[in-house]
1. Does residue 43 count as closer than 24 Å to residue 153 by Cα, surrounded by fewer than 20 Cβ atoms within 10 Å (Cβ to Cβ) and in contact with a strand residue (DSSP E or B) (Cβ under 7 Å, 6 or more places away or on another chain)?
2. Output the residue which, of all residues in region 317-332 that are buried (at least 19 other Cβ atoms within 10 Å of the Cβ) and in contact with a Leu (Cβ under 8 Å, 6 or more places away or on another chain), is modelled with the highest pLDDT.
3. Being in a loop (DSSP other than H, G, I, E, B), more than 27 Å from residue 383 (Cβ to Cβ) and aliphatic (A, V, I, L, M), is that true of even one residue in region 24-35?
4. All but one of (1) closer than 22 Å to residue 245 by Cα; (2) touching a Lys or Arg at 6+ places or on another chain (Cβ under 9 Å) hold for residue 310; state the number of the condition that does not hold.
5. Would you mention how many residues in region 330-341 are touching a Lys or Arg at 6+ places or on another chain (Cβ under 8 Å) and either of a type outside the set (Lys, Arg) or free of Cβ contacts under 8 Å to residues at least 60 places away in the same chain (or both)?
6. Could you please let me know if residue 313 is surrounded by fewer than 18 Cβ atoms within 10 Å (Cβ to Cβ), assigned to a loop (DSSP other than H, G, I, E, B), without any contact (Cβ under 8 Å) to a residue 40 or more places away in the chain and of a type in the set (Asp, Glu)?
7. Only one of 54, 9, 33, 37 is open to solvent by 50 Å² or more (accessible area, probe 1.4 Å) and in contact (Cβ under 8 Å) with a residue 40 or more places away in the chain. Can you tell me which?
8. Going by what's in this entry, would residue 335 be described as open to solvent by 60 Å² or more (accessible area, probe 1.4 Å), closer than 29 Å to residue 242 by Cα and at pLDDT 85 or above?
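The values are calculated or read from the model by the stated rules, or taken from the named source; none is laboratory data. This structure is a prediction, so every number in the text was calculated from the model and none was measured. Here the Cβ is made from the backbone with ideal geometry for all residues, glycine too, and neighbour counts use every protein chain on show. These accessible areas exclude ligands, DNA and RNA; they are computed on the full protein's heavy atoms, side chains included. Shrake-Rupley method; radii C 1.70, N 1.55, O 1.52, S 1.80 Å.
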Amino acid sequence: MIAQWKHGPHRLTYRQAERTFGLAADALAKDEPDGLPSADLAGTCDDLLEASVPEKFKDASDSLAVDWTDMETFSRPPPAKGGDCADPEASWGHRKNNLLRSENELFYGYYLSAGIMMREENGPAVPELARRMTLSSCRHDPVRALVPVLTRMPEDGIPLGGILADSGYAHRDAGAWPSRCAPPARSPSRTSTARPRPQGHPRRRHHQQRQPVLPEDAARAAGTRAAHPQRHPEEAAAHDARTAELARYKLGRLTRDDADGYHRVACPAAAGKIRCPLRPPSMTLDRDRPEILQPPQHPQACCTQQTVTISPDVLAKTAQKHDYPSAAHRRSYARRTGAERGFATAKDPASNDISRGWCRLMGLAPLMLFTTLLIVRNQRILQAWNARQEENERRAAKGLPPKTRRRRRRTLAALAAGPP
């Protein structure tokens, strides 16, 4: 930090920077801390992160990969017999570990949530810069703590499109994520009025179709699992062909979501996707379409009505932009790993480490302001991005293809099974 002094610009000493940081943290903290940031602290952190994004990349993409991770406080936990500790805002939380056992690990601190800018589905690559972040005590739901941060972006004139999230956001509590985050995410500057759908799916052994379908007619195709990333191209093509069969049984969408999130759908037989005896006009279709051999004895509303209204609470936990486990879903959901890479660079001990013991700060306001000031992470991403672009331009001038990253084409199990 550089300040104007009696004899010109003066770089602040460690003590002066520490005092300045303490004054800023005290001014932005709440008078009665409750484990959530104040409005002034949240707005200041948003402005700091947005200032670290160059002007040419602000509109490069409106997709974000969001996730949360653990952030321990320097304070020791409260005594087991009861009592206070140095950081009363912190709380006990759960985090994943890298051990062989599947149990979660307890830690004392906060949940750090962040949104990393990712490329569009069919758009060019963009630098994975941190656009938004927030910190909340473990006694609060990190999903509900991140929703106000995202909904403020359209209010500030920043377009917000696809939100890439895992099952911990929508499937765990549908009322905390899709219904609260999707409607405000629409930006006035976007030409499309379609509602953005979070990408993700529940971690279950068997998955069913994530859109309304006819019962008991798509059991053979609905049992298809997600394709493995290292599957052979021929196996992946066969898998995609089976999953594409589910689109024939999905109720045909007729309208977009209205202001309240309602839309209308029609029976797939009425839409000309399948042949069904309950819809006599559909029996005149070609034989290459699937046919319902045993129609239900008691037809449902979709079989007797022309259209059916779907409310926003129907399949709210699993509603997505693309059907699971289609090829489009696999390609779109693969972008969510950008959030993991963002936390990996923020926790890299070789650069800036936010693990316990690296800094001796306690309290939500100092820790959140300190973590936001790690915008040097964005600067490193930009430097690496510019270096790759210059290298690609140099290779293109010589007629060489762009340099690709080396990836392991064979698994470790295949290498271990082979001859020495």
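1. Working: closer than 24 Å to residue 153 by Cα: yes; surrounded by fewer than 20 Cβ atoms within 10 Å (Cβ to Cβ): yes; in contact with a strand residue (DSSP E or B) (Cβ under 7 Å, 6 or more places away or on another chain): no.
The answer is no for residue 43.
2. Taking the candidates together, the pick is 332.
3. Step one: of region 24-35, the residues in a loop (DSSP other than H, G, I, E, B) are 29-35.
From the residues that got through so far, the ones that are more than 27 Å from residue 383 (Cβ to Cβ) too are 29-35.
Filter again for aliphatic (A, V, I, L, M), leaving 29.
Yes, region 24-35 has at least one match.
4. (1)
5. Of all residues in region 330-341, those touching a Lys or Arg at 6+ places or on another chain (Cβ under 8 Å) come to 332, 335.
Going one step further and asking which of them are either of a type outside the set (Lys, Arg) or free of Cβ contacts under 8 Å to residues at least 60 places away in the same chain (or both), we end up with 332.
Result for region 330-341: 1.
6. Values: surrounded by fewer than 18 Cβ atoms within 10 Å (Cβ to Cβ): yes; assigned to a loop (DSSP other than H, G, I, E, B): yes; without any contact (Cβ under 8 Å) to a residue 40 or more places away in the chain: no; of a type in the set (Asp, Glu): yes.
No: the conditions fail for residue 313.
7. Working: 54 fails: open to solvent by 50 Å² or more (accessible area, probe 1.4 Å); 9 fails: in contact (Cβ under 8 Å) with a residue 40 or more places away in the chain; 37 fails: open to solvent by 50 Å² or more (accessible area, probe 1.4 Å).
One residue alone meets the criteria, 33.
8. Details: open to solvent by 60 Å² or more (accessible area, probe 1.4 Å): no; closer than 29 Å to residue 242 by Cα: yes; at pLDDT 85 or above: yes.
No, not satisfied.
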